[in-house]
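To keep things clear, I will list the structure first and then write my remarks on it.
The values are calculated or read from the model by the stated rules, or taken from the named source; none is laboratory data. What you see is a predicted model, and the numbers here were worked out from it, not measured in a lab. All Cβ positions, even for glycine, are placed from backbone atoms using ideal geometry, and neighbour counts span all protein chains on display.
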Amino acid sequence: MTMPPISPVAVTAYQCVSAAGDDVETLYASLTANRTCLKPLQLFDIPFETVVGEVTSPLPEIRPSLKAYDCRNARLALKALCQGGFRADVERALAMHGKGRVGVILGTSTSGIYDSENAYARLLQDGVMPGDFHFLQIQTAQATAEFLQRELGLQGPCYGISTACSSSAKALAAAQRLIATGCCDAVLVAGVDSLCRLTLRGFNSLQLISPQACRPMDAERQGINIGEGAALLLLERPSAENAGRPRLLAVGESSDAHHMSAPHPDGVGAATAMAQALQLGGRDVGQVDYINLHATASTLNDLSEARAVVSLFPNPPPCSGVKGLLGHTLGAAGAVETIVSLLALERGFLPGTCGLMRPEPECLFPVVGAPNMELSPRLILSNAFGFGGNNASVLLEAA
Amino acid sequence: MECMSLLGFGACAPDAEFRASLPFPAFDINRETIPPLLRRRSSQAMQLAFSSAAAACEQARRSPATLPSVFASVAGEIQTTDLLCSELVKPEGVISPSAFHNSVQNTAAGYWSIAQQCTQPASALAAGVDTFAMALLEVWCQLSCQGGELLLVCYDEIWPAYLAPGRGRPAFACALVLAAGAAEGSIVQIGRPQPGDAAFPPVWAPLADSMPILAAIPLLSSVSTGEWPQVVAVSPLAPGWQVDVVSGK
């Protein structure tokens, strides 16, 4: 279906906490060093071998008035908010536009369920949930969005999008529409997911977890590693003041309509999402300089995505995926990897594919192994695909 | 975009007594709306969502295969998630792979796209007590940017009682087929969701406090009883969100 183009929005600030560092500076250093940050899990015990992208530095405390929202997910979000002047940028937007004009859209897959699991352990032991368990402030998918809204004193639209691993890429889409339609002047987009037993053991039950550090797009890939992270982006209507900031041109979205947990084998839905991003953003395949792949390192996902790239691009640009560096941050992945792509645009490099030794034979395109510091991409697609065949592709352009 | 047009709607309420109290037509779960292969493992959330979505598409005379969709739910697949969390904390707990992938918030959205062979975008959102209001805002933005028509499905199955004591019932779903602008054949036209202090009808407030997705009741009531033009509260709390409802064409 052909849809009218959408107005671009400016990305005026961004910050990220992940296994690859507590802020975008350390993330950039990790990306250029390209050494895996995946390590054995410390947060809780699991009955199988793997490595994870865990945030092991201390997390900040939630203020007493917002204690009902206290959970690992909210703390990760608060940590990202407090990095490198990001909070001041949101407060500038708040002062400029007014509290009712700044929205918060979260992308998450499991919200604060790590803390719910701890509450269930008490339920099993004591027969009741602990008194400090607040279902609607911890576990449901909007919880961390509401926390950020209250922490910042914002009063605009506030919701969570939860479409598994495409969640925060779709949050970017929703945020862009809120600005394009005049419902908001600025939107804080947050992709936040935290390590929990549910996802570790759930993906293990699907036999998708790799015991060693994962190797996206490698011929001998053995599965995924779960990560956690909080990625925050401030989107604003383009203006003379933010003319020097990169642009989110569009987010393409599609459904595979194929299977709940396996992608379409030929990547039809993935290709549709990328094509739609280009169409909505008014760009064509020949202009894309780099694709940040979803590349989870699961056998089927990588094959499907490789076929999608080959089917859409007559001459595919260089591609890479960063999950061997910081893990698959699930609902946060779309926002985390959009920030990786923004760093590539702003600092002039192509991220590598940590763990890649011999590319999957169906990757009929250049897979960037070691980071390429010579090329400066101007137009980037960043992919995020999730359960339910839920696909999103984020199109970003340099200022 | 000046307004969005309601082309059809459907409501599903499995509790007969609650259903009878509603000021608009509602139905019990219709398992025939779920393909046989999916039916056995389908959650109450999915049954609610499919039942209402199928009824809305039928009333609007639209093929579900062509409509982008937005699925909104406060708690999503909470019964499946509860089962998994209970197993996770047992020493010998068993995690079923299908239960895991059926615990995501977009389970109903994903199966709907598969069942209808619909490759249009599908979203799944949650906004606590403002879930219905934010769902209307999301569909407003999609229609405003993209034009065309879409399907909105709002649903919540019963929540396990210990998660939020006194809340999380009765189960309910409603689905709306909406078009951008003033479309021919519309039942009503709905304005842009806006913050405001329109009062939520006191008669429904306790139920909407228990089950926030029931914030849809005043809008569906307005549509069904022909009480328009009016400003309708779509949040259970004031100040919250509201929409203008005017006659269709």
Exactly one of A:10, A:29 is of a type outside the set (Val, Ile, Thr) and without any contact (Cβ under 8 Å) to a residue 24 or more places away in the chain, and that residue is A:29
Among the residues in the range A:141-149, are any in a helix (DSSP H, G or I), among the hydroxyl-bearing types (Ser, Thr, Tyr) and more than 9 Å from every other protein chain (Cβ to nearest Cβ)? yes
Test: residue B:130 is in contact with a Pro (Cβ under 8 Å, 6 or more places away or on another chain), in a helix (DSSP H, G or I) and crowded, with 24+ Cβ neighbours inside 10 Å: yes
Pick from the range A:267-290, criterion free of Cβ contacts under 8 Å to residues at least 60 places away in the same chain and within 13 Å of chain B (Cβ to nearest Cβ), ranking: surrounded by the fewest Cβ atoms within 10 Å (Cβ to Cβ): A:275
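One line per residue, one yes/no per condition, for (1) in contact with a helix residue (DSSP H, G or I) (Cβ under 8 Å, 6 or more places away or on another chain); (2) surrounded by 21 or more Cβ atoms within 10 Å (Cβ to Cβ); (3) more than 14 Å from every other protein chain (Cβ to nearest Cβ):
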| residue | (1), (2), (3) |
| --- | --- |
| A:6 | yes, yes, no |
| A:14 | yes, yes, yes |
| A:62 | yes, no, yes |
| A:82 | no, no, yes |
Looking at the range B:137-147, is at least one residue more than 10 Å from chain A (Cβ to nearest Cβ), out of contact with any strand residue (DSSP E or B) (no Cβ under 6 Å at 6 or more places or on another chain) and either surrounded by 24 or more Cβ atoms within 10 Å (Cβ to Cβ) or under 26 Å from residue A:199 (Cα atoms) (or both)? no
Tell me, which residue of the range A:150-165 that is more than 19 Å from the chain's Cα centre (by Cα) and either of a type in the set (Asp, Glu) or not in a helix (DSSP H, G or I) (or both) is nearest to the other protein chains (Cβ to nearest Cβ)? A:157
Being surrounded by 24 or more Cβ atoms within 10 Å (Cβ to Cβ) and in a loop (DSSP other than H, G, I, E, B), is that true of even one residue in the range A:112-122? yes
Single residue of the range B:199-217 satisfying the filter (farther than 23 Å from residue B:45 by Cβ and at pLDDT 95 or above) that is surrounded by the fewest Cβ atoms within 10 Å (Cβ to Cβ): B:202
Among the residues of the range B:95-107, is there at least one that is more than 8 Å from every other protein chain (Cβ to nearest Cβ), at pLDDT 95 or above and crowded, with 20+ Cβ neighbours inside 10 Å? no
Per the filter on the range B:67-108, residues in contact (Cβ under 8 Å) with a residue 60 or more places away in the chain and assigned to a helix (DSSP H, G or I) are B:78, B:79, B:82, B:107, B:108
Within the range A:24-50, of all residues that are of a type in the set (D, E, K, R) and over 30 Å from residue B:92 (Cα atoms), the one surrounded by the fewest Cβ atoms within 10 Å (Cβ to Cβ) is A:35
Among the residues in the range A:127-140, are any touching a residue at least 12 places away in the same chain (Cβ under 8 Å), of a type in the set (Ser, Thr, Tyr) and within 13 Å of chain B (Cβ to nearest Cβ)? yes
Can you name every residue in the range B:165-185 that is crowded, with 22+ Cβ neighbours inside 10 Å and either more than 13 Å from chain A (Cβ to nearest Cβ) or without any contact (Cβ under 8 Å) to a residue 40 or more places away in the chain (or both)? B:171, B:172, B:173, B:174, B:175, B:176, B:177, B:178, B:179
In contact with a strand residue (DSSP E or B) (Cβ under 8 Å, 6 or more places away or on another chain), more than 10 Å from chain B (Cβ to nearest Cβ) and under 25 Å from residue B:128 (Cα atoms) - does that describe any residue in the range A:204-213? no
Restricting to the range B:1-25, name every residue that is in contact (Cβ under 8 Å) with a residue 40 or more places away in the chain and either within 14 Å of chain A (Cβ to nearest Cβ) or aliphatic (A, V, I, L, M) (or both). B:1, B:2, B:3, B:4, B:6, B:7, B:11, B:13, B:22
Report yes if some residue within the range B:71-87 is of a type outside the set (D, E, K, R), within 9 Å of chain A (Cβ to nearest Cβ) and over 30 Å from residue A:203 (Cβ atoms); otherwise report no. no
For the structure I just gave you, tell me whether residue A:75 is more than 10 Å from chain B (Cβ to nearest Cβ), of a type in the set (D, E, K, R), closer than 18 Å to residue A:146 by Cβ and free of Cβ contacts under 8 Å to residues at least 40 places away in the same chain. yes
